[in-house]
1. Please identify the pairs in which a residue from segment 348-361 that is within 18 Å of Arg275 (Cβ to Cβ) and of a type in the set (Gly, Ala, Ser) has its Cβ atom under 8 Å from the Cβ atom of a residue that is assigned to a loop (DSSP other than H, G, I, E, B) and modelled with pLDDT of 95 or more, counting only partners at least 6 apart or on another chain.
2. Does Asp301 satisfy the criteria of being under 19 Å from the mean Cα position of the chain (by Cα), at pLDDT 90 or above and not β-branched (Val, Ile, Thr)?
3. With respect to the numbered conditions (1) more than 27 Å from Ala282 (Cβ to Cβ); (2) touching a Cys at 6+ places or on another chain (Cβ under 7 Å), which one is the sole condition not fulfilled by Leu137?
4. Go through segment 33-84 and report how many residues are hydrophobic (A, V, I, L, M, F, W, C) and touching a Pro at 6+ places or on another chain (Cβ under 6 Å).
5. Anything in segment 256-283 that is modelled with pLDDT under 80, among the hydrophobic types (A, V, I, L, M, F, W, C) and in a loop (DSSP other than H, G, I, E, B)? List them, or say none.
6. Out of all the residues in segment 78-121, which are of a type in the set (A, V, I, L, M), in a strand (DSSP E or B) and closer than 16 Å to Arg333 by Cβ?
Amino acid sequence: MPHTLRCVRPRASLLVGLALAACGGADDVGETAGQPAPTLTAVDSVVLPDTGALALGDVANLGLHVGDDAIWVADRQNGRLVRFARDGRPLAQVSRKGRGPGEIAGPGPLAVMGDGTVAVWDYGGNRVLGFAPDGALRWELPVREQALPLQLQATGDTLWAGVVSLADSTGVMRIVPRTGAIEKLARVPLDYTAGLAHSLPFAIALRLGDGVLVNYAGDHRLFLHRDDGGIDSIPLPKRLRRGTPPDLLARAMRGEYREAGGFENVVSMPARVARLTDGTIALLHSDVDFSQTEHRPPRADVWLTVLDAANERACVDAPLPRSDHGLPSLTFRGDTLFLLDQVIGADRATPVLRSFVVSTAGCAWMAVAHQP
């Protein structure tokens, strides 16, 4: 059954060719091999500037936030945050590339906190910074280890990130900028620390009620780390994505997958996790192909899975439009998934932000073995 791809054409002021390329057709999303997966309905497409002082660099896997009246992008290539209006007009630059106070060496994931602070993880500076919407630096907190979170979540005045700490065998970092507190939480599974944590030190995390939901790279399970110390293990079914080979740990212990991109070529990497408005959990995984030639970016297939609120059923593996330019930048807002990618022309690469409404109507739900 094909996904719905209802394309709302952009305003006349946008380039017609870009609009058509960004919207595409039903074939862009693809079939679901006979079993209904989550439905993705395209609702809008916004072209961001590709020239001028606020034009973005490479848009692969950037920090991205879409709010009521603004789009925030962590422009890693230029070491800054850029704010756009919801119609794509560039509004302002925040910070600049560097390692000094208020500068960003390598911007990673970002989140907007309850008081409007725009928080960004600085990969290059091993710190987290908070900026007012007008660009003023509000705070800066050092992180005492090399950390590569894939996602940053804000709940009120607290930040949550999936950070695999090899020294402490923890998988979640809780940050309270108001007090400067940084706490490591969530004991990672022993089989993961034994063989995969050194090669795949990545995780996505979502604060959820009285616990944190975590998916570690190279592990087919979700772990719900409860505040009372309990842990629930939730095997996540798959249909179309790579998933995790059952002998991955044994092969890792033998030293396989040492070539560039080795592990990432055989497993589905966690990308994003979010709670939808009905309480279900949306998860994105990517199958990245590093077999491209040296001068071409890897291709990425991204898959959407939805887990029901009781963690008992999953609606599995809806394909997103394929990117030939690396992993696209992704974020959720309510039931809407936003995807920032590039449309490649003869002499330019134009960023396009597409949005899709996620629905599980008509899903063929698969049972999940919920294990305490």
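The values are calculated or read from the model by the stated rules, or taken from the named source; none is laboratory data. In this text, all values refer to a predicted model and were calculated from it rather than measured experimentally. Methodologically, a virtual Cβ is constructed for each residue, glycine included, from the backbone with ideal geometry; neighbour enumeration extends over all protein chains shown.
1. Ser359/Pro38; Ser359/Asp335
2. Values: under 19 Å from the mean Cα position of the chain (by Cα): yes; at pLDDT 90 or above: yes; not β-branched (Val, Ile, Thr): yes.
Here the answer is yes, as Asp301 does meet what is asked.
3. (2)
4. Just the residues of segment 33-84 that are hydrophobic (A, V, I, L, M, F, W, C), to begin with: 33, 37, 40, 42-43, 46-48, 53-56, 59-60, 62, 64, 66, 70-74, 81-82, 84.
When the remaining residues are screened for being touching a Pro at 6+ places or on another chain (Cβ under 6 Å), the result is 48, 54-56, 59, 74, 84.
Matching residues across segment 33-84 total 7.
5. Keep residues of segment 256-283 that are modelled with pLDDT under 80, which gives 256-265.
Within this subset, residues satisfying the condition of being among the hydrophobic types (A, V, I, L, M, F, W, C) are 260, 263.
If the condition is that a residue be modelled with pLDDT under 80, among the hydrophobic types (A, V, I, L, M, F, W, C) and in a loop (DSSP other than H, G, I, E, B), then Ala260 is the only one that fits.
6. So the first thing to find is which residues in segment 78-121 are of a type in the set (A, V, I, L, M), and the list is 81-82, 85, 91-92, 94, 104-105, 110-113, 118-120.
With the extra rule that they be in a strand (DSSP E or B), the set shrinks to 81-82, 91-92, 94, 104, 110-112, 118-120.
Residues satisfying the conditions are Leu110, Ala111, Val112, Val118.
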